[in-house]
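This report refers to the structure that appears directly beneath it.
The values are calculated or read from the model by the stated rules, or taken from the named source; none is laboratory data. As the structure is a computational prediction, the values presented were derived from the model and not from experiment. Positions of Cβ are generated from backbone atoms using ideal geometry, with glycine treated the same way; all protein chains shown enter the neighbour counts. Ligands, DNA and RNA are excluded from the accessible area calculation, which covers all protein heavy atoms including side chains. Shrake-Rupley method; radii C 1.70, N 1.55, O 1.52, S 1.80 Å.
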Amino acid sequence: GAVVSQHPSWVICKSGTSVKIECRSLDFQATTMFWYRQFPKQSLMLMATSNEGSKATYEQGVEKDKFLINHASLTLSTLTVTSAHPEDSSFYICSAREVQLGVYEQYFGPGTRLTVT
Amino acid sequence: SQQGEEDPQALSIQEGENATMNCSYKTSINNLQWYRQNSGRGLVHLILIRSNEREKHSGRLRVTLDTSKKSSSLLITASRAADTASYFCATALVTGANSKLTFGKGITLSVRP
């Protein structure tokens, strides 16, 4: 099956610094990638949708200047958390979409645990 | 706002028993998907059921979909301790070339050995 990887799997950073998270589709081309955030014992909340070569579409309430998304190739999307604060500590999950038989399948990465101290 | 609402929020059963989890949603969908998430890990796709399907099986999993009631159920038969995880339903609405998954709050399933 389709595999999506994320790097790093966990990261600890100091408040005020920026952190970049990578999402790669390993064996398929993903024209669209999604970024989700999940707080402990809560559901996944969609942050933004990124299409290769174009600007990301952010969900309401998500600051685009704080969460920079780049989808420069069909296999790589990056999420940069700028000027991170402790409240940005969360589990960030990406997913990549493969079009198959007209039904849009999404494959999820293993997630990145961000802790801001 | 979230689309899917699962119930119960938490379920504890004995190994070997069946586990039934329900999901309700509010708007039209193209398909509904169930995912499993082990603690602190990513999501594992379990099964997808299209809006024109009523029931689907995959191994020990059985999913039903009732679009008139806007509800779905996931049945895990002969549960095992390894089934302990959080389960999420996610509804998909496809508009043109775009689709978006909206997740429910999740159900925590504990299977006692």
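If I filter the stretch A:104-115 for residues that are more than 26 Å from B:Leu48 (Cα to Cα) and away from every other protein chain (no Cβ under 14 Å), do I get at least one hit?
The answer is no; no qualifying residue exists.
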*asked:* Among the numbered criteria (1) at pLDDT below 90; (2) part of a loop (DSSP other than H, G, I, E, B), which one does A:Ala72 miss?
replied: (2)
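Conditions tested, residue by residue: (1) within 12 Å of chain A (Cβ to nearest Cβ); (2) at pLDDT below 95; (3) in contact with a Phe, Trp or Tyr (Cβ under 9 Å, 6 or more places away or on another chain).
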site	(1), (2), (3)
B:Leu61	no, no, yes
B:Thr64	no, no, no
B:Ser73	no, no, no
B:Ile76	no, no, yes
B:Ala82	no, no, no
B:Leu93	yes, yes, no
B:Ser99	yes, yes, yes
B:Leu109	no, no, yes
B:Pro113	no, yes, no
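Say whether the condition of being of a type in the set (Ser, Thr, Tyr) and free of Cβ contacts under 8 Å to residues at least 40 places away in the same chain is met by at least one residue in the stretch B:17-25. Steps first, answer last, please.
Keep residues of the stretch B:17-25 that are of a type in the set (Ser, Thr, Tyr), which gives B:20, B:24-25.
Then drop every residue that is not free of Cβ contacts under 8 Å to residues at least 40 places away in the same chain, which leaves none.
Looking for residues that are of a type in the set (Ser, Thr, Tyr) and free of Cβ contacts under 8 Å to residues at least 40 places away in the same chain, one finds none in the stretch B:17-25, hence no.
Residue by residue, here is whether (1) over 19 Å from B:Glu5 (Cα atoms); (2) touching a Ser or Thr at 6+ places or on another chain (Cβ under 9 Å); (3) among the hydroxyl-bearing types (Ser, Thr, Tyr); (4) surrounded by 18 or more Cβ atoms within 10 Å (Cβ to Cβ) holds:
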| residue | (1), (2), (3), (4) |
| --- | --- |
| B:Thr67 | no, yes, yes, no |
| B:Ile76 | no, yes, no, yes |
| B:Asn98 | yes, yes, no, no |
| B:Phe103 | no, yes, no, yes |
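Just checking, which of A:Lys55, A:Lys20 is free of Cβ contacts under 8 Å to residues at least 40 places away in the same chain, farther than 18 Å from A:Phe108 by Cβ and either within 11 Å of the chain's Cα centre (by Cα) or open to solvent by 20 Å² or more (accessible area, probe 1.4 Å) (or both)?
Among A:Lys55, A:Lys20, only A:Lys55 is free of Cβ contacts under 8 Å to residues at least 40 places away in the same chain, farther than 18 Å from A:Phe108 by Cβ and either within 11 Å of the chain's Cα centre (by Cα) or open to solvent by 20 Å² or more (accessible area, probe 1.4 Å) (or both).
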*Can you pull out the residues in the stretch B:1-52 that are within 11 Å of chain A (Cβ to nearest Cβ), open to solvent by less than 50 Å² (accessible area, probe 1.4 Å) and over 17 Å from B:Lys100 (Cα atoms)?*
B:Glu6, B:Gln37, B:Gly40, B:Gly42
*Check every one of the strands (runs of 3 or more DSSP E) wholly within the stretch B:12-113 and list those with 2 or more residues that are of a type in the set (Ser, Thr, Tyr) and within 29 Å of A:Thr112 (Cα to Cα).*
B:85-95, B:98-103, B:107-112
*asked:* When you scan the stretch A:99-115, do you find a residue that is more than 19 Å from A:Ser5 (Cα to Cα) and at pLDDT 95 or above, even just one?
replied: yes
_For the stretch A:80-92, check the following and say yes or no: at least one residue is within 14 Å of chain B (Cβ to nearest Cβ) and assigned to a loop (DSSP other than H, G, I, E, B)._
yes
*Does A:Met47 qualify as being touching a residue at least 60 places away in the same chain (Cβ under 8 Å) and buried (at least 17 other Cβ atoms within 10 Å of the Cβ)?*
no
